[in-house]
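Participant: Please read through the structure below; I'll follow up with questions.
The values are calculated or read from the model by the stated rules, or taken from the named source; none is laboratory data. Every value quoted in this text rests on a predicted model; they were computed, and no experiment measured them. Heads up, the Cβs are rebuilt from the backbone with ideal geometry, glycines too, and the neighbour counts pull from every protein chain shown. Protein only, heavy atoms only, side chains kept; ligands, DNA and RNA dropped before computing areas. Shrake-Rupley method; radii C 1.70, N 1.55, O 1.52, S 1.80 Å.
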2 protein chains.
Amino acid sequence: MAEYIESLSNLAEKFGRLEGVGKKTAMRMAFSVLELDVEEAEDFARAILDAKEKIHLCPVCQNLTDRELCPICADEERDRSLICVVTDARTVLAMEKVREYRGTYHVLHGLISPMNGITPEQLKIKELLARVDTGEVGEVIVATNPTVEGEATAMYLSRLLQPFGVRVTRLAYGVPVGADLEYADEVTLYRALEGRRDVH
Amino acid sequence: MAEYIESLSNLAEKFGRLEGVGKKTAMRMAFSVLELDVEEAEDFARAILDAKEKIHLCPVCQNLTDRELCPICADEERDRSLICVVTDARTVLAMEKVREYRGTYHVLHGLISPMNGITPEQLKIKELLARVDTGEVGEVIVATNPTVEGEATAMYLSRLLQPFGVRVTRLAYGVPVGADLEYADEVTLYRALEGRRDVH
């Protein structure tokens, strides 16, 4: 039936291009659009164009922004001597939710992955080195995911950063808060044991 | 961070209005739109407006269509004496996948639900009665979901249809094909037992 309704299957196909949206979900969403008011649908279409048009990369940290500088780089109270290197803009979002980190970020927009043809040149590494090269940076926290590619990228960056004499750190490994030890994998448990701390 | 990028959180908010899309999924989708090409994003926006503009209800069966009559009602080979009454357009989609049903449909666009303030007047029941009233209909299969509301709507319809002298049927209850009897609920098992058939 939906195959007959060309504009519906066309819309579902567009939804299906978004990350993590399967065929069934895409069709459900397309049906869902039909239930919106005409104005809501118009707002939706405009929001897509707006986001595409207005959002670009912050010239300093390469994070997504719709202003000249992103609000974090523009914030005078953030500590510019501290840079947290993340894979993508979503990680910035997650880190900011913690509300404890007062440094700045640098968004790589990917991880080095020879398997997927992603080389260091395709990431925003040049821009990171330029920031460190100003001499204003004291520490770079590499907050890539604890995966093979995340680790490889972290190692690569740490070697690149060494000549600049900055401190390079990684996030701590360990058992997630609230997790059940019984279900933790061995590698995580090993890392948690290795990184154990004194109780004060 | 996303709160700062107004056009991004605005887009996420639009995705969040679609059925079954939570906050996190909506944000992931908004990020995903940024990764589309400009043309893809424009196509997406246009597809939303297109679907809203072109799709309306078939004047006969009340199913969604972008033509004058829906392709099923327009198909000369479909058996017009048989109407399968369904809750929504998605059920038509599911039924058509079976490829065995050669009758027509009637889409109610909801179920009677006093709890949610949905009365029979809000459904396309009047239109169903008009079709049956032509005298061309021999059987009405009520294919609403086997839920309280689906059952109540089926009972209501069967009482309404009685004076017209048409046969009113329900889909068979039973164990889903491929299911494990061990995990089937008691009501389903009871219904499956009650509806048992001779093996030929």
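Participant: If each DSSP helix of 4+ residues adds -39,500 (n - 2.57) and the sum is divided by the residues in the protein assembly as shown, what number results at 222 nm, nearest 500 deg cm²/dmol? Kindly include the intermediate steps, with their values, before the conclusion.
Facilitator: On the way: 16 runs with 172 residues, N = 400.
It comes out at -13000 deg cm²/dmol, rounded to the nearest 500.
Participant: What residues does segment A:13-37 have that are buried by at least 50 Å² of accessible area in the full protein assembly compared to the chain on its own, 1.4 angstrom probe?
Facilitator: A:Lys14, A:Arg17, A:Leu18, A:Glu19, A:Arg28, A:Met29, A:Phe31, A:Ser32, A:Leu34
Participant: OK, next. Which three semi-axes in whole Å describe the equivalent ellipsoid of segment A:70-200, each the square root of 5 times a Cα gyration tensor eigenvalue, listed largest first? Don't jump to the answer; show the numbers that get you there.
Facilitator: Values: eigenvalues 134, 75, 44 Å².
Semi-axes (√(5λ), whole Å): 26, 19, 15.
Participant: Another question about this same structure. Leaving ligands, DNA and RNA out of it, work out the accessible area of B:Ile141 with a 1.4 Å probe and give it in Å² to the nearest 10.
Facilitator: My reading of the accessible area for B:Ile141 is about 30 Å².
Participant: Return one whole number: the accessible area per residue of chain B in Å², for a 1.4 Å probe. Write down the numbers at each step before the final one.
Facilitator: Working: 11780 Å² over 200 residues.
Value returned for chain B: 59 Å² of accessible area per residue.
Participant: Among bridges DSSP assigns within segment A:1-143, what percent are antiparallel (round to 5)?
Facilitator: Working: 3 of 12 bridges.
Of all bridge pairs located within segment A:1-143, approximately 25 percent are antiparallel.
Participant: Report, by chain and number, residues whose modeled amide H sits under 5 Å from the one on A:Tyr105, excluding near sequence neighbours (fewer than 5 apart, same chain).
Facilitator: A:Cys84
Participant: Quickly work out the B:Glu6-to-B:Glu139 label distance, labels modelled 7 Å from Cα along the C-beta direction, and quote it in nm with one decimal.
Facilitator: 6.1
Participant: A follow-up question, please. Accessible area lost on pairing B with A, both sides, 1.4 Å probe, Å² to nearest 100? Intermediate values should be presented prior to the final figure.
Facilitator: Details: alone 14270 and 14270 Å², together 23570 Å².
About 5000 Å² of accessible surface is lost on pairing.
Participant: Next up: Would you work out what percent of the accessible area of segment B:1-97, with all protein chains in place, is carbon or sulfur (probe 1.4 Å)? Kindly include the intermediate steps, with their values, before the conclusion.
Facilitator: Values: 2180 of 4580 Å².
About 48 percent, which is the carbon plus sulfur part of the accessible surface.
Participant: About the Cα centre of segment B:65-106, what is the dipole size in debye to 20, counting +1 per Lys and Arg Cβ and -1 per Asp and Glu Cβ, all else neutral? Numbers along the way, then the final one.
Facilitator: Details: 7 positive and 9 negative charges, 31 e Å.
Rounded to the nearest 20 debye, it is 160 debye.
Participant: Let me ask you something else. Efficiency by 1/(1 + (r/R0)^6): what FRET value for B:Glu100 and B:Lys54, r their Cβ-Cβ distance, R0 = 45 Å, to the nearest 0.05? Numbers along the way, then the final one.
Facilitator: Numbers: r = 30 Å, r/R0 = 0.66.
FRET efficiency, B:Glu100 to B:Lys54: 0.90.
Participant: Where the only charges are on Cβ atoms (+1 Lys, Arg; -1 Asp, Glu), what is the dipole of segment A:96-151 about its Cα centre, to the nearest 20 debye? Could you put the intermediate results ahead of the total?
Facilitator: Values: 6 positive and 9 negative charges, 38 e Å.
The dipole magnitude comes to about 180 debye.
Participant: Tell me, how many Å apart are the Cα centres for segment A:1-65 and for segment B:86-116?
Facilitator: Here the two parts' Cα centres lie 26 Å apart.
Participant: Between B:Leu69 and B:Glu121, 0.36 nm times their residue separation minus their Cα-Cα distance comes to what?
Facilitator: On the way: separation 52, 0.36 × 52 = 18.72 nm, distance 2.33 nm.
Extending this stretch completely gives an extra 16.4 nm.
Participant: At what distance in nm do the modelled label points of B:Glu182 and B:Glu194 sit from each other, each positioned 7 Å from its Cα along Cα→Cβ?
Facilitator: Distance between label points: 2.7 nm.
Participant: Would you mind computing, in nm to one decimal, how far apart the modelled labels at A:Tyr173 and B:Met155 are, each placed 7 Å from Cα along Cα→Cβ?
Facilitator: Going by the 7 Å Cα→Cβ label model, 6.2 nm.
Participant: Identify the GluC sites (Glu not before Pro) of segment A:117-153 meeting these criteria: DSSP loop state and at most 14 other C-beta atoms within 10 Å of the C-beta. Could the numbers behind the result be given before it?
Facilitator: Working: sites: A:Glu121, A:Glu127, A:Glu136, A:Glu139, A:Glu149, A:Glu151; in loops: A:Glu136.
For GluC sites (Glu not before Pro) across segment A:117-153 that sit outside H, G, I, E and B with at most 14 neighbouring Cβ atoms in 10 Å, the list reads A:Glu136.
Participant: Just to be sure I understand: chains B and A are related by a rotation, so which residue of B has its Cβ closest to that axis, and how close in Å?
Facilitator: Looking at chain B's Cβ atoms against the axis toward A, the nearest is B:Ala45, 2.
Participant: What share of Cα pairs, in percent, lie more than 33 angstrom apart in the protein assembly as shown?
Facilitator: On the way: 41998 of 79800 pairs.
Pairs farther apart than 33 Å: 53 percent.
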